[in-house]
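Worksheet: one structure, shown below.
The values are calculated or read from the model by the stated rules, or taken from the named source; none is laboratory data. Keep in mind that this is a model prediction, so the values were computed, not measured. Heads up, the Cβs are rebuilt from the backbone with ideal geometry, glycines too, and the neighbour counts pull from every protein chain shown.
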Amino acid sequence: MNGELGEKRLRELALRALHTGEPAHTRFLEPPLESAARLAANAAGCRVDFFGGYPNAERRVAAFYTDAPGDWPIERLRLTWNPKYGSPGHRDILGAIMALGIVRASLGDIALADGHAIAFAHRDVADYVLLNLESAGRVKLEAERDFGDFEAAEPGGALAHRTVASERLDALVAAAFRLSREASQKLIASELVKVNHAVNPRPDARLSAGDVVSARGYGRFKLVEVTGETRRGRLGVNIFMFGK
């Protein structure tokens, strides 16, 4: 679900919830579409909440409603393997599930741990995945429903200090990934850089503490804080480099 078609569907669900009084749920939304869902709810005169199966999930289902959001159509699947034969990554598991004919919107986050992963799936496809998912690449998988409390692990990474000319996107991308300013601007112009999950083609966009930036082929970082001006007139910043 994306673009105009996605926004049209969001408006339809919001109006359905208003007219029937029953909650209407989407499938898992890309983060930028949450803003469109809020606009759809405001225009229809109903309410909207989001949930992805656990607090702080990245991909979440929207529920349009008038009284209560109802039961969330989310199943939690536990995928286990024998580490002696390999450890599939996020891309391996996602690819294996989608190879079954499952569309991306039917899948939420995939949380990796030692020897297992937790995949969040729409209830309409959960049984199909459990019955048909056998491996991720060459690694055999065992799939079952997961119950009880779930707490996502903290993302791996390291805090780093950099100095930049300003809080501009191109300056921070260059500093984070040790690129030239020109190379940073080319990445941004090629729409290979996202800010808070949305493509941002403006090199002069100003970032604020809490913004998350990803650059295809380089990685992802979060601007934690601006620490102040240095003696040479530059800005000190603390950034969290994911996966480093």
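What pairs come up if the first residue lies in the range 65-79 and is within 21 Å of GLU12 (Cα to Cα) and touching a residue at least 40 places away in the same chain (Cβ under 8 Å), the second is of a type in the set (D, E, K, R) and surrounded by 15 or more Cβ atoms within 10 Å (Cβ to Cβ), and their beta carbons are under 7 Å apart, counting only those six or more places apart or on different chains? Between residues of the range 65-79 that are within 21 Å of GLU12 (Cα to Cα) and touching a residue at least 40 places away in the same chain (Cβ under 8 Å) and residues that are of a type in the set (D, E, K, R) and surrounded by 15 or more Cβ atoms within 10 Å (Cβ to Cβ), the close pairs are TYR65/ARG47; THR66/ARG47; PRO69/ASP49. Taken over the range 230-244, residues that are more than 10 Å from THR163 (Cα to Cα) and among the hydrophobic types (A, V, I, L, M, F, W, C) amount to 4. Exactly one residue out of SER184, SER166 is over 21 Å from ASP109 (Cα atoms), touching a residue at least 60 places away in the same chain (Cβ under 8 Å) and among the small types (Gly, Ala, Ser): that is SER166.
Condition check: over 24 Å from ARG27 (Cα atoms), touching a residue at least 24 places away in the same chain (Cβ under 8 Å), among the small types (Gly, Ala, Ser) and surrounded by 20 or more Cβ atoms within 10 Å (Cβ to Cβ). Does ALA175 satisfy that? Spell out how you get there, then give the answer.
Details: over 24 Å from ARG27 (Cα atoms): yes; touching a residue at least 24 places away in the same chain (Cβ under 8 Å): yes; among the small types (Gly, Ala, Ser): yes; surrounded by 20 or more Cβ atoms within 10 Å (Cβ to Cβ): yes.
Criteria met by ALA175.
Sort out which residues of the range 199-234 are among the β-branched types (Val, Ile, Thr) and more than 16 Å from LEU179 (Cα to Cα), and write them in order of number. Residues satisfying the conditions are VAL199, VAL212, VAL224, VAL226, THR227, THR230. Within the range 178-201, the set of residues being among the aliphatic types (A, V, I, L, M) and crowded, with 17+ Cβ neighbours inside 10 Å comprises LEU179, LEU187, ILE188, VAL193, VAL195. Checking the structure you have, find out if any residue of the range 154-164 is outside the structural domain of ARG60 (by TED's automatic domain parsing), in contact with a Pro (Cβ under 9 Å, 6 or more places away or on another chain) and not charged (D, E, K, R). Scanning the range 154-164 turns up no residue that is outside the structural domain of ARG60 (by TED's automatic domain parsing), in contact with a Pro (Cβ under 9 Å, 6 or more places away or on another chain) and not charged (D, E, K, R).
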